[in-house]
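Down below is the structure, laid out as structure tokens.
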Protein chains: 2
Amino acid sequence: MSGKENSRERLIKTASRLFQLQGYHATGLNQITKESGAPKGSLYYHFPDGKEQLAIESVQLTTAFVSKQIEEGLNKSTDPIEAIQLFIKDMAERFERESCTVGIPIAAVALETSLISEPLRASCQSAYQKFQSAFTEKLIQSGYEEKHAMELGIVINSMIEGAFLISFTMGKSEPLLLVAKQIPSLLK
Amino acid sequence: MSGKENSRERLIKTASRLFQLQGYHATGLNQITKESGAPKGSLYYHFPDGKEQLAIESVQLTTAFVSKQIEEGLNKSTDPIEAIQLFIKDMAERFERESCTVGIPIAAVALETSLISEPLRASCQSAYQKFQSAFTEKLIQSGYEEKHAMELGIVINSMIEGAFLISFTMGKSEPLLLVAKQIPSLLK
DNA sequence: CTATATATAGACCAATTGGTATATTTTTTT
DNA sequence: AAAAAAATATACCAATTGGTCTATATATAG
């Protein structure tokens, strides 16, 4: 029972990376199995529901990873404005450093599958809710009124996702940095 | 020379709609030809470079359409805050009304193709630049200093794109509406 | 050692992909 | 009306898609 989790995990990790980078439809099962080293027989043993199941679990893995990154980033300062700005700047730096190695966490899968797979759509929704609530949590801890904090969490998450998308398309991190710059105005 | 432009135009319009709704890779040329009524022979006659060329021209059509919508929306009020809020609320309403008929204008194609086709990436970049400059223009006309207006244009565009993405995934327009609500804070 | 899950290996499948070739029709020009 | 250009119509292609199948290892028991 040692190689078991190993192979399954490798499949999810590879799929997770490829789905983020290339999107759902552009990523073939052949590519996933080849790059992960696992054969197709194993894929359908570990993921009987095929590509959809693999994508759902990939989204979940990405969600956990990114959520942790957000929480860690936000803990770098007690001041929420500074903390959020630091986090966004970190993302921008990481984007510059490894733009061609990593895509936008959830967006591609969300856009491609929300209309064709309800379970996948729900997974992406959960991801965004988790991201939002990390920001909201930070604001509540800093004394923001709950409803206001929830609204701001949604808006901050939207801003970051949008800036990520545009930075990705433009090939430069400027939008992310400008969003960071406007955080103080937003949080008054 | 009457049927000529007609067939070409039908192909682009159909492709434009399908690419926005389903994304690049999920939209097959067979589906485009079938839904547009044009045969495959015509497709490669009008678009010798195939799917990529068709997608580029589709993005350009969408860009023109959306830009016009933004400009018209922003003209509904002289006050930039009110104008931008009105535009976003219009988008939110339209989203609620026809969410399953229309996807997010450029995002899906941008995410799916930016890393695999430089010309397509450039088309999507042009689209976003055009959207941004519409907001920037409005702010400059309202007396904002140029550099500040440019930065805000980028941020506003990012916010709207991100909110669109999340609204799409969530299946509700709340993120868009909350972004609209925060516009005054952002523009001071 | 045997029996039994667990897991791997990869050949195979129908369907679809983007793209090409060629023949035919329609339209325009002379 | 004849010639030329523009456009349409399909049949066809190799390659790849997601997915299934059966045989074979590789463990973990008893």
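Candidates B:135, B:168: the one that is at pLDDT 95 or above, crowded, with 24+ Cβ neighbours inside 10 Å and facing another protein chain (nearest Cβ under 7 Å) is B:168.
Residues in the stretch B:29-61 that are within 14 Å of another protein chain (Cβ to nearest Cβ) and of a type in the set (S, T, N, Q): 1 in all. Quick one: in the stretch B:15-28, of everything that is in a helix (DSSP H, G or I), within 14 Å of chain A (Cβ to nearest Cβ) and not charged (D, E, K, R), which residue is nearest to DNA strand D (Cβ to nearest atom)? Going through the qualifying residues, I end up with B:22. Is the stretch A:47-56 home to any residue that is within 19 Å of the chain's Cα centre (by Cα), assigned to a helix (DSSP H, G or I), closer than 21 Å to residue A:105 by Cβ and modelled with pLDDT under 95? So far as the stretch A:47-56 goes, no, none of its residues is within 19 Å of the chain's Cα centre (by Cα), assigned to a helix (DSSP H, G or I), closer than 21 Å to residue A:105 by Cβ and modelled with pLDDT under 95. In this structure, does residue B:87 turn out to be assigned to a helix (DSSP H, G or I), in contact (Cβ under 8 Å) with a residue 24 or more places away in the chain and within 17 Å of the chain's Cα centre (by Cα)? No, not satisfied.
Against the condition surrounded by 20 or more Cβ atoms within 10 Å (Cβ to Cβ), at pLDDT 95 or above and away from DNA strand D (no atom under 16 Å from the Cβ), how does residue B:78 come out, does it pass? Against the criterion (surrounded by 20 or more Cβ atoms within 10 Å (Cβ to Cβ), at pLDDT 95 or above and away from DNA strand D (no atom under 16 Å from the Cβ)), residue B:78 does not qualify. Is at least one residue of the stretch A:49-71 over 28 Å from residue A:117 (Cα atoms), away from DNA strand C (no atom under 16 Å from the Cβ) and surrounded by 13 or more Cβ atoms within 10 Å (Cβ to Cβ)? Yes - at least one qualifying residue is present in the stretch A:49-71.
Contact annotation: residue pairs with Cβ atoms under 6 Å, 6 or more positions apart or on different chains, pairing a residue in the stretch B:44-73 that is away from DNA strand D (no atom under 16 Å from the Cβ) with a partner that is not in a helix (DSSP H, G or I), are B:52/B:117; B:62/B:105; B:66/B:105. Restricting A:103, A:41 to residues that are modelled with pLDDT under 95 and near DNA strand D (Cβ under 10 Å from one of its atoms) narrows the list to A:41. Please tell me if residue B:69 is among the polar types (S, T, N, Q), under 23 Å from residue B:134 (Cβ atoms), out of contact with any Asp or Glu (no Cβ under 6 Å at 6 or more places or on another chain) and in a helix (DSSP H, G or I). Here the answer is yes, as residue B:69 does meet what is asked. Of all residues in the stretch B:68-125, those satisfying the criterion of being within 13 Å of another protein chain (Cβ to nearest Cβ) and small (Gly, Ala, Ser) are B:92, B:99, B:103, B:107, B:108, B:110, B:114, B:117, B:122, B:123. Based on this model, can you work out whether residue B:19 counts as within 14 Å of DNA strand C (Cβ to nearest atom), at pLDDT 95 or above and not charged (D, E, K, R)? So residue B:19 fits the description; yes. Here's a check for you: in the stretch B:9-34, which residue that is free of Cβ contacts under 8 Å to residues at least 24 places away in the same chain and surrounded by 17 or more Cβ atoms within 10 Å (Cβ to Cβ) is nearest to the chain's Cα centre (by Cα)? Among those residues, the one meeting the criterion is B:18.
When A:143, A:153 are checked against the criterion of being more than 7 Å from chain B (Cβ to nearest Cβ), touching a helix residue (DSSP H, G or I) at 6+ places or on another chain (Cβ under 6 Å) and free of Cβ contacts under 8 Å to residues at least 24 places away in the same chain, a single residue qualifies: A:153.
The values are calculated or read from the model by the stated rules, or taken from the named source; none is laboratory data. Source: prediction; values computed, not measured. All Cβ positions, even for glycine, are placed from backbone atoms using ideal geometry, and neighbour counts span all protein chains on display.
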